[in-house]
1. Can you give me the relative contact order of the chain as a percent, contacts being Cα pairs under 8 Å and 6 or more apart?
2. Using the beta-carbon distance between ARG64 and SER232 and R0 = 41 Å, what value does 1/(1 + (r/R0)^6) give for FRET efficiency, to the nearest 0.05?
3. What angle do you read, to the nearest 10 degrees and between 0 and 90, between the alpha-carbon axis of helix 285-295 and the longest principal axis of the chain?
4. What does the accessible area of THR190 come to, in Å² to the nearest 10, when a probe of 1.4 Å is used?
5. For the stretch 240-376, what is the accessible area per residue in Å², given a 1.4 Å probe and the full set of protein chains?
6. How big is the charge dipole of the stretch 314-376 about its Cα centre, in debye rounded to the nearest 20, if each Lys and Arg gets +1 on its Cβ and each Asp and Glu gets -1 on its Cβ?
7. Give the long-range amide H neighbours of LEU196: residues separated by 5 or more places, or on another chain, with amide H under 5 Å away, using H modelled in the peptide plane at 1.01 Å from N.
8. Please give, to one decimal in nm, the separation of the simple spin-label points placed at LEU160 and ASP355, each 7 Å out from Cα toward the Cβ.
Amino acid sequence: MTVDPLLSSLQDDLDQQLDADYLASFALAERLVDALTLDALRRVGLWPSPAGSSAESLGALADRLGTPADRQHALAWLLERARAVGHLERGADGAWLLGEPPAADLVARIEATLESPELAERARLLGTSGPLLAHCAARFPEFLVGERSAATILFKGEGLRLWSEYFSAGNGLYEPHNELAARAVAALATDLGRPLRILELGAGSGGGSAAILAALGPDRVAEYVLTDLAPSLLLATQERMAALGLPPTGRRRLDFGRSLVEQGIEPASFDLVVEVNALHNCLDLQASLRWIAEILRPDGALVLSESLCPHDRQVHQDLVFQLFPFHDGADTRSRFDSIEGWRAACATSDAVAADCLANRTGPALAMVAVARPRPG
């Protein structure tokens, strides 16, 4: 059997990025979120339960706490996280069995986790993951009762700084996703052997963009187009790339949940389309893959770099992203898919053929994939 050198190299890169140090830091972030979750539920007033009641439905809990319908998904996620660590139970009818309020020793353990020497020792590798998680958790009680929005928590003042830095090279738990995308794009550029037209989906604050442009250099970029739904974010990202001395970029507002051709992108006009933690937000992944394939040249490719979550689990990043609406209502699943889910989705695509790789040590937490248009 012939081994594809590109895929073999990307697999090695992936395994090196998610090494033992990364996995230990990821586990620490998980424990941090467990503590932050219990602390947020305690402060929002989950306990004590009403006199004579030991079980409450999600709707009853939301009514008691004053949680609007459009934020019940976040409450459900916190409850499920607390259940996963053994502090809550659910009855056969789905009602939450609240039990007793957190005892003083549990509160002490929460505080000890948040102030642990291990957390301080790993602050460098955790980067802004730790501060951003703590920032969001501290504001969850106000969020759950409708007094704060995701915009005020994440896109103003200290929140905006933490949000932007979260996706940058300073965050050891996120940077592998940027780096994996950059290495895949650089390898494909070498294979294609020409200056490339590249379109990035959901560029956001530009962490992935910076890594990719730095890996390519100016000689291998014919055009690099940043896209996102927010024009102001695109302008700030474009200016940030210029300030870093990276190859020039274009920008355009683009929704990858709609036909790209209908939004003005010429068919078969780009060598590469790249995304870093964007496509998991698709309402219809199969349709988005089809629309992406339409704008790729026949020898082009889509590069995907995504966070993963093992099946039927949650990951610490979800604490932040629960601030945003969830199209499945009060579903407590992760915002991120498993590697099995990605492989199944790509295998059934009529538009692209994809090779989806995940780290081979520890739980599958990161994916890099190269998807090529299917002939015809």
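The values are calculated or read from the model by the stated rules, or taken from the named source; none is laboratory data. What you are looking at is a predicted structure, and each value in this text was computed from that prediction instead of being measured. We place every Cβ from the backbone using ideal geometry, glycine too, and count neighbours over all the protein chains shown. Heavy atoms of the whole protein, side chains included, go into the accessibility calculation; ligands, DNA and RNA do not. Shrake-Rupley method; radii C 1.70, N 1.55, O 1.52, S 1.80 Å.
1. Value for the chain: 17 percent.
2. 0.60
3. 20 degrees
4. Accessible area of THR190: about 90 Å².
5. Per-residue accessible area for the stretch 240-376 comes out at 43 Å².
6. 220 debye
7. Here the answer is VAL221, ALA222, GLU223, since their amide H atoms fall under 5 Å of that of LEU196.
8. Distance between the two pseudo-spin positions: 4.3 nm.
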